[in-house]
Amino acid sequence: MSYLAVEDLSISFGGIRAVDHVSFDVEEGEVFAIIGPNGAGKTTLFNLVSGIYFPDGGSVRFAGRDITSLPAHRIAPLGLARTFQNIELFEHATVLQNLLIGRHVHRRSSALSHLLFLPAVRREELEHRRRVEDVIDLLELAHYREQRIANLPYGVRKVVEVGRALCLEPKLLLLDEPTSGLNPEESEDMGFWIEDINRDLGVTVVMVAHDMGLVSRVAGRVLALNEGRVIAEGSPAEVQKNPAVVDAYLGAD
Amino acid sequence: MVNFAQGDLMMLGAFVAVTLIGDFGLPWVLGLLLSVLALAVFGYLLDAFVLRRVLGEPQFAIVMLTIGLGFIFRAVAGLVWGYDPQSFPTPYTGKSLRVGEVVVSYENFAILLGTLILCVVLFLFFRRTRLGIAMQATSQNQLAAYYVGIPVKRVFSLVWAISAGVAAVAGILLAPVSLVQPGMGFIGIKAFAAAVIGGFGSIPGALLGGWIIGIAEQFAGVYLPAGFQEMSAYGILILALILRPQGLFAQIQRKKV
Amino acid sequence: MRFLFKTHYNQDIDHLKHGGDRFWYGLLLVLAAAAPAALGTFYLGELNLVMIYAIAGVGLMLLVGYTGQVSLGHAAFLAIGAYTHSLLLGAGLPFLLSIVAAVLVSALVGAGVGWIALRMTGIYLAIATLAFAMLTEQTISRAEWLTGGFRGLAVPQASLFGMPLTQGWQHYYVTLTLLVVTLLAALNILRSSTGRAMVAIRDSEISAESVGINLAVYKTLAFALSAGITGLAGALFAHRLGYLSPDAFTFLISLQLLLMVVVGGVGSMRGVIYGALFIGFLPQLLAIARDTLPPQIAQAPGLEPGIFGLILVLVILFEPQGIFGRWLKIKSYFQLFPLYRRATHRRQKTYLRTERLR
């Protein structure tokens, strides 16, 4: 049984099949990329896996558990974190607070003890902060720690969002277009971080990407979608040469 | 854009009409047209000088701003016209219409007819005219509307002008049955309930919402103990929001990510 | 400009960040405790009212400023707290128990409202809370067997530790203690994961969900907390009024509470205190202003709500961050002098977009 098993997943919006009988498997420890032209259903697929949409048919299994009908807030504690294509950070909070919010699933104390801020709560807070500092060190965010998201440049926000996802201490990380809108150096850095996250932290990564350079560098296997359907699967080199993929990107005549 | 001061604009419209017709002795139809026009100009200026500044601010700011404006209007109306309820003379006061067994007073008939005409006109305006369609576009996506060349600011001012003018019509229609006084705008909350039940942005929906509330109030008045009549509108509003949090004819969907 | 050199995470967690804070807040507390000795009965009473407003404001701020849920109906929770407290006190319950019960009942109703309002956002939520407040007002005025309706309900005299609370200074100390406790509790919530979850919901529901925050639980919790705290203010307000009737808890009160939060500065607890001072002393200022105005205007009955409306409009137009925001700007002006630019605090505009089916 593979780590993340997507089987026969479908959803339609107002008669349009956004995702049409898609199946794929992700093995533990790999970097898996999903590519496809605009409107291919990549983000919708992510939304289905992470519990933001519920499919019309098919199933999603994660670490041997059926998560098809679980809502997002019950999927996150299982060790699945994600980022968003258009960045969904907590705008009016600082970077530190954003990362601390990322540790929500690791809270152990109750709201009542928060009211009194019992010593146990303080110990827990210190523990959260130590873990958050590790992420800050890894992603080199120390300089921005106390700044509000609203004041940060786009590239940094993108990194903070990955950082927030890492604070969940996930086993599986879904990255939706981690390099879109970044300049070449920032993309390069992001590529290194994805490799680090995968290799050093042992996190399985599934990412949606446009940037074929990044995909061939970090991804082991690639899935190509077009109009909601799988058109190719294999190593980056194989998929890039696949005629169906070439047609989808350049238009078939 | 949400306007919590709509009821108070209606009240202003009624007062202007009372002044023009009752005090200045203008002919009824002329006074009516003039007060609608006056309110439309007022709405335009209100947007141009006050509301335009909060364009692009969170919705919360607009809600609070219009609530504040409503209070100002009420205080000003109280200063100018006083707090004693005034009656509103119409050419049709006291007469009634007989249709077979049913007797309807002309005042209520005027409300019915006026509402129908207004709805048809507005419906056609939003469906058929360039300006109406531009307004719909603006309400859906301000930036995109601006990019395709719609003068968003002017459109907003015009929306406010129309909305104030419509409020004036409503005020004038309502004035003969409920006296004219600064507090009459509170019925605006019920209008809100109607709009919410119908779903914002849908004129037939608002009409249906209004009917539901009106009928329910009458039934509650007849069949339930005293007090339930006033409560029924709010009860229905809450019920409707529980069942359809985005209105019966919802157009707004969950945010995309 | 002060730079803090942090050596321990505790420095981020503590309420008082450095020696200066400790000094000023300590001084404030001493001054507040000494106030009865210096102030006459009238101003002590007014200060008491300001602190009651501040408690209610803390409750509303948690909901509006930190969880991002607008409520136009908080007067209802004030009323529920006031009536519960008075009725239980009348039934012979001790003062403290009755206060606790008032808080719990308000919190329970708040949780109910929050639960009902779960799927609503923005203006729909605002309208629903408004309708809820109207319903509460109507219910109180109709349930004469319980509340006395418009005839009113006399608030029984309370006694604390066997000592009857008759003097103004006694009520003042009770309110001061409860305000400090409320503020500490609210700040504790805000520095823990519960408070962060609220902020997360305010800023982005969708990513709050995807980091594992249960929206239903935390929105309901925020409503319950907010309503409970407002109910506490209601219980104290009852003693201030002495005689309860439904027209003491109208929409105007809800609006005043919101005005306090907005004028003070949305998203800061210090703003609540500024806002409460402002709202509490505004009637005094108006009374003074009345003497200088021509009588036709000064004696007009609707003047006060009109002024409230005017202030609300002016604040929203010119200083949406309220008094607290203005204070921050003045502070950074001097800290950065002569480098301060207006753009330092420029707000980002967000343009309305609605996703439509058709």
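Decide, for segment A:89-169, between rounded, prolate and oblate: order the square roots of the alpha carbon gyration tensor eigenvalues as a ≥ b ≥ c, take rounded if a/c falls under 1.5, and otherwise choose prolate if a/b is larger than b/c, else oblate.
prolate
For segment A:144-206, what does the alpha-carbon gyration tensor say about shape, rounded, prolate or oblate, given a ≥ b ≥ c as the root eigenvalues, a/c under 1.5 as rounded, and a/b over b/c as prolate? Write out the running numbers ahead of the final one.
Values: a/c = 2.07, a/b = 1.37, b/c = 1.52.
Oblate, because a/c is 1.5 or more while a/b does not exceed b/c.
Can you give the average number of partner chain beta-carbon atoms within 10 Å of each beta-carbon in peptide C:116-124, as a whole number?
That works out to 6 on average.
Tell me, how many Å apart are the Cα centres for segment C:248-268 and for segment A:1-53?
That distance is 47 Å.
Where does chain C land at 222 nm, in deg cm²/dmol rounded to the nearest 500, when only DSSP H runs of n ≥ 4 count, each adding -39500 (n - 2.57), divided by all residues?
Values: 16 runs with 249 residues, N = 358.
Mean residue ellipticity at 222 nm (helix-derived): -23000 deg cm²/dmol.
So who's got an amide H within less than 5 Å of the one on C:Y243, skipping anything under 5 residues away but keeping other chains? H placed 1.01 Å off N, in plane.
The answer is C:V155.
Which whole number gives the average count of other chain Cβ atoms within 10 Å of the Cβ atoms across peptide A:83-95?
Working: counts 2, 5, 2, 2, 3, 9, 4, 10, 5, 7, 5, 0, 0.
Other-chain Cβ atoms within 10 Å of each residue's Cβ, averaged: 4.
Could you sort the peptides B:15-23, B:213-221, C:83-91 by per-residue average Cβ neighbour count (10 Å cutoff), highest mean leading? Don't skip to the end; give the middle numbers.
Numbers: B:15-23: 20.3, B:213-221: 15.3, C:83-91: 22.1.
Output ranking for B:15-23, B:213-221, C:83-91: C:83-91, B:15-23, B:213-221.
Calculate how many DSSP beta bridges within chain A are antiparallel, expressed in % of all such bridges and rounded to the nearest 5.
Close to 55 percent.
Let me know the shape class of the protein assembly as shown, please: from the alpha-carbon gyration tensor, a ≥ b ≥ c as square roots of the eigenvalues, rounded when a/c is under 1.5, otherwise prolate if a/b is greater than b/c, or oblate. Show your work: numbers first, answer last.
Details: a/c = 1.94, a/b = 1.28, b/c = 1.51.
Oblate, since a/c reaches 1.5 and b/c is not below a/b.
Given the peptides A:128-134, C:59-65, arrange them by the average over their residues of other C-beta atoms within 10 Å, most packed first. Show your work: numbers first, answer last.
Details: A:128-134: 17.9, C:59-65: 27.1.
Peptide ranking by packing, descending: C:59-65, A:128-134.
Just counting partner chain Cβ atoms within 10 Å, what average do the residues of peptide B:236-243 show around their Cβ? If you can, show how the numbers build up before the last one.
Working: counts 1, 8, 11, 2, 3, 9, 6, 1.
What the average comes to for B:236-243 is 5.
Number of Lys-Lys pairs in chain C under 21 Å by Cα, sequence gap 8 or more or different chains?
Value for chain C: 4.
Return a whole-number percent for the relative contact order of chain A, with Cα pairs under 8 Å and 6 or more residues apart as the contact set.
Working: 452 pairs, mean separation 69.2, N = 253.
Worked out over chain A, it gives 27 percent.
As a test, work out the antiparallel percent of DSSP beta bridges whose residues both lie in the protein assembly as shown, rounded to the nearest 5. Walk me through the numbers on the way to the answer.
Numbers: 31 of 47 bridges.
About 65 percent, rounded to the nearest 5.
None of the figures in this text is laboratory data; all of them are computed from the coordinates on show. Values in this document were obtained by computation on a predicted structure and should not be read as measured data. Positions of Cβ are generated from backbone atoms using ideal geometry, with glycine treated the same way; all protein chains shown enter the neighbour counts.
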